[in-house]
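Read through the structure below, which is laid out as structure tokens, and then see the notes.
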Amino acid sequence: MSYGPGARAEPSGRYHRLALALIVATAVVAAYLALPHLWIGKLTSRQHVPSQCPQRGWPGPYLNVSYVYRDAGYPLVSAGRVTLHIYLESDEYGVSYRLGHVETGLVSLSRAVEEAARAAGLNPSSYRLASATLSPGLVVNGLVKERPEWHLNFARVFKGFWVFGGLSYYSSVEVRVDALNGAVTRVVEEDSFNVSALSEDFTPSLNVSRSEAVEIARSALVEGVPRDLLQRGELVVAEPRVAVLGRGARNYLLERVVSKDYEGRAGLYWVVVFSRGGPGFSERADLLVDAGSGEVVSASYVSMPARPFVAVFMEPDYDGGEGVEVMNFTVRAPSALLRQLGVREAYLVVENVVVVKPGHAGLVRVDLVPHDIRYLGAPVRVVNLTVTNPLPGIQGGLPPGLKVYFKQAGGLEVLEGRATAAELVIDASSCTEEGSWLLKLEGRVEGAELHPSTYILLSVWSGEGSWPAERLLNLAKLLTA
């Protein structure tokens, strides 16, 4: 079977292990466990559609920020591109596996800013772009449920300085723009105080530099804020904002002045934030330093329990294979998906397919990656490493002549701070039927309720003719016209 003109395979890129990202991804996927779906998210691998990467263009004066905000890292513009990530899921068998992604063209940042400013009634004399983020969307069971969006945050400007807003990055306006067609989907405006209270006679004064403000905050003596956090905590934020302090503000930091003398005072203040985390806790301190006088005028502190996430992850090392080839396969997206997205061209890229030829054998390294296992009294032992068919009533069993098993049945010791490798053996006899199968790899940690698992996509293919994945793509609803 042919998967359309332009179908091709290429070697996959290196698999990056990010334990915390896996935690977040698992939580999100669990919410949609009942249906096959596609994720729209960021990727950095080689693109196949020239228009896939959104061009920044020149968003005009909204991106023209002053040096003091450039030093603070503004504007924050997400790099790369957004792609629709493909998931194969089954509620019946509790399976969730990311097959790959879909590539298509996106709206440029310059157009998104233009559409956002028009919809929100902004003008460049009063607003600047603080951040621009490409947000993921979602396609469930072949239906687009959430579309990829530009999330644009604009800071209100008062006499050259940014106002302390009530939204992300202390912005005052947030606009969401559909990243596929440029339509504005949401406009929100929120300030942290009554901006009309700023008199035209008031002129912000910047006499204290960023480094001076940070040093003042680190050496401050503020009741209720631990000195050790100020002196040794990680610097998270240090930027100047215009605000009016005291009661009536819609922000706890602006309300919590250290002296009644600061009630109702309009000024330019350095927002300085420190944070720190440790076993079982995390804490944060926010301070306002007057940019004119250098006084600490407000401070807040919060401490929260942080429960450790104890886990052992299984992660295939796709660069650690022998006798197999790991491929990415590219095919045309089905017309039903194109119609929903409103695009003329898109491609499916199925990633990290482990390909073995009939009559050949090889192995793939599978890393056992610990996370906070010191709370179990590390090291721990992983036992009963197994390979199973996660979709027995859908994809059937492995064909005769194909054997997949762990070289070590178990007893592997896992230490905190480093990965332990297991070897997955793949042996296909010369008479093995060509095809593609999803396999589940599982293990069990001795003495703990930890069951690391992952999936691999295996194809037996000689390399001649079309990649044998019709049944697999049908399961993911990717061959629907």
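The values are calculated or read from the model by the stated rules, or taken from the named source; none is laboratory data. Quantities reported herein were computed from a predicted structural model and do not represent experimental measurements. Here the Cβ positions follow ideal geometry from the backbone for every residue, glycine too, while neighbour counts run over all protein chains shown.
Would you call residue 186 farther than 30 Å from residue 144 by Cα and either exposed (fewer than 15 other Cβ atoms within 10 Å of the Cβ) or basic (Lys, Arg) (or both)? Against the criterion (farther than 30 Å from residue 144 by Cα and either exposed (fewer than 15 other Cβ atoms within 10 Å of the Cβ) or basic (Lys, Arg) (or both)), residue 186 does not qualify. Number of residues in region 209-221 that are in contact (Cβ under 8 Å) with a residue 60 or more places away in the chain and out of contact with any Leu (no Cβ under 7 Å at 6 or more places or on another chain) equals 4. Residues satisfying the criterion are absent from region 197-219 (criterion: in a strand (DSSP E or B), of a type outside the set (D, E, K, R) and within 25 Å of residue 246 (Cα to Cα)).
Restricting the search to strands (runs of 3 or more DSSP E) fully inside region 86-162 and requiring at least 2 residues that are without any contact (Cβ under 8 Å) to a residue 24 or more places away in the chain and surrounded by fewer than 21 Cβ atoms within 10 Å (Cβ to Cβ) gives an empty result. Of all the residues in region 223-270, those that are outside any strand (DSSP E or B), within 26 Å of residue 304 (Cα to Cα) and among the acidic types (Asp, Glu) number 3. Of the residues making up region 334-382, those that are among the β-branched types (Val, Ile, Thr) and surrounded by fewer than 15 Cβ atoms within 10 Å (Cβ to Cβ) number 0. Which is more than 24 Å from residue 203 (Cβ to Cβ), at pLDDT 95 or above and touching a Pro at 6+ places or on another chain (Cβ under 9 Å), of 285, 306, 291? Result of the check over 285, 306, 291: 285.
Picking from 176, 147, 111, which residue would you name as being over 30 Å from residue 330 (Cα atoms), modelled with pLDDT of 85 or more and not assigned by TED's automatic domain parsing to the domain that holds residue 453?
None of the other options fit; the residue is 176.
Here the condition is being under 30 Å from residue 334 (Cα atoms), polar (S, T, N, Q) and assigned to a strand (DSSP E or B); of 466, 459, it holds for 459 alone.
Considering region 272-354, the qualifying strands (runs of 3 or more DSSP E), each wholly inside and each with 1 or more residues that are without any contact (Cβ under 8 Å) to a residue 24 or more places away in the chain, farther than 25 Å from residue 457 by Cβ and of a type in the set (Val, Ile, Thr), run over 296-306.
Report whether or not residue 193 is over 17 Å from residue 273 (Cβ atoms) and assigned to a loop (DSSP other than H, G, I, E, B).
Against the criterion (over 17 Å from residue 273 (Cβ atoms) and assigned to a loop (DSSP other than H, G, I, E, B)), residue 193 qualifies.
In the set 462, 453, 429, only one residue is assigned by TED's automatic domain parsing to the domain that holds residue 357 and surrounded by fewer than 14 Cβ atoms within 10 Å (Cβ to Cβ); that residue is 462. Within region 440-475, the residues that satisfy the criterion of being more than 29 Å from residue 423 (Cβ to Cβ) and either of a type in the set (Asp, Glu) or under 29 Å from the mean Cα position of the chain (by Cα) (or both) are 470, 473, 474.
Taken over region 396-438, the residue count meeting the criterion of being touching a Pro at 6+ places or on another chain (Cβ under 7 Å), outside any loop (DSSP other than H, G, I, E, B) and within 23 Å of residue 88 (Cα to Cα) is 3. Among the residues here, residue 283 does not qualify as among the acidic types (Asp, Glu) and either exposed (fewer than 14 other Cβ atoms within 10 Å of the Cβ) or over 28 Å from the mean Cα position of the chain (by Cα) (or both).
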